[in-house]
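Below is one structure, written out as structure tokens; the observations come after it.
The values are calculated or read from the model by the stated rules, or taken from the named source; none is laboratory data. As the structure is a prediction and not an experimental result, all values here were calculated from the model. FYI the Cβ positions are ideal-geometry reconstructions off the backbone, even for glycines, and counts take in every protein chain you see.
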Amino acid sequence: MIHLHTPWGLALSMLPDGLLPTSQFAMRLYGRLGRHAYEGLALGAGEQRRLVANLGSLDGLILANHGPLTVGRTVAEAWMLMYLLDRAAQAQLAAMAASGGRVLAVDPALAELTYRQWVGDGSERDGDIEWPALLRGLDRTAPGYRD
């Protein structure tokens, strides 16, 4: 699980409609995210149960007025989902800022098609291709990170 408070993710969590199918980043997450209403700090067992229930089999949640949360079967998958979500939020919010809040979202059927094109036959998980390259970059720029 990854939960961040990036400026883009936090701003997205404040929008009533959340993430819209406005970019390829967003369409790669189409139908994979849910929402969880803000209840204050998520310290109580009751809210924790509601968070788990809202997540269900989804890959993440937009925690209203709080920020994004992603989960994955691997660290690579959870990281890639968060990266995509943050980039999708950045693109959507930049477009909204430039257009007075109006954005061009695609039709749900096209968003679904684009998502299926990303997924392919399902043999690769998000991050399977990207993660090794990211680790090679870290090996070059910060070789001590493995310690």
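Residues that are touching a Pro at 6+ places or on another chain (Cβ under 7 Å) and either surrounded by 13 or more Cβ atoms within 10 Å (Cβ to Cβ) or hydrophobic (A, V, I, L, M, F, W, C) (or both) occur in the stretch 109-120; there is at least one.
In the set Ala53, Ala105, only one residue is at pLDDT 95 or above and part of a helix (DSSP H, G or I); that residue is Ala53. Inclusion of Tyr115 among residues that are of a type in the set (Phe, Trp, Tyr), modelled with pLDDT under 95 and under 14 Å from the mean Cα position of the chain (by Cα) is warranted. Restricting Gly100, Gly120 to residues that are more than 21 Å from Met27 (Cβ to Cβ) and not basic (Lys, Arg) narrows the list to Gly100. Pairing residues of the stretch 1-28 that are outside any loop (DSSP other than H, G, I, E, B) with residues that are among the charged types (D, E, K, R), at Cβ distances under 7 Å and at least 6 apart in sequence or on separate chains, gives Trp8/Asp86; Gly9/Asp86; Phe25/Arg87. In the set Leu85, Leu93, Leu81, Leu61, only one residue is modelled with pLDDT of 95 or more, touching a Pro at 6+ places or on another chain (Cβ under 6 Å) and either assigned to a helix (DSSP H, G or I) or buried (at least 16 other Cβ atoms within 10 Å of the Cβ) (or both); that residue is Leu85. The residues in the stretch 101-133 that are under 19 Å from Ala91 (Cβ atoms) and aromatic (Phe, Trp, Tyr) can be counted, and the count is 2. For the condition at pLDDT 95 or above, farther than 23 Å from Leu135 by Cβ, buried (at least 21 other Cβ atoms within 10 Å of the Cβ) and touching a His at 6+ places or on another chain (Cβ under 8 Å), Leu69 qualifies. Only one residue in Asp126, Asp86 is under 16 Å from Phe25 (Cβ atoms) and touching a strand residue (DSSP E or B) at 6+ places or on another chain (Cβ under 8 Å), so which one is that? Going through Asp126, Asp86 in turn, the sole match is Asp86. Contact map, the stretch 110-134: first residue basic (Lys, Arg), second residue at pLDDT 90 or above, Cβ cut-off under 8 Å, separation 6 or more or different chains; pairs are Arg125/Gly72; Arg125/Arg73; Arg125/Thr74; Arg125/Ala76; Arg125/Glu77.
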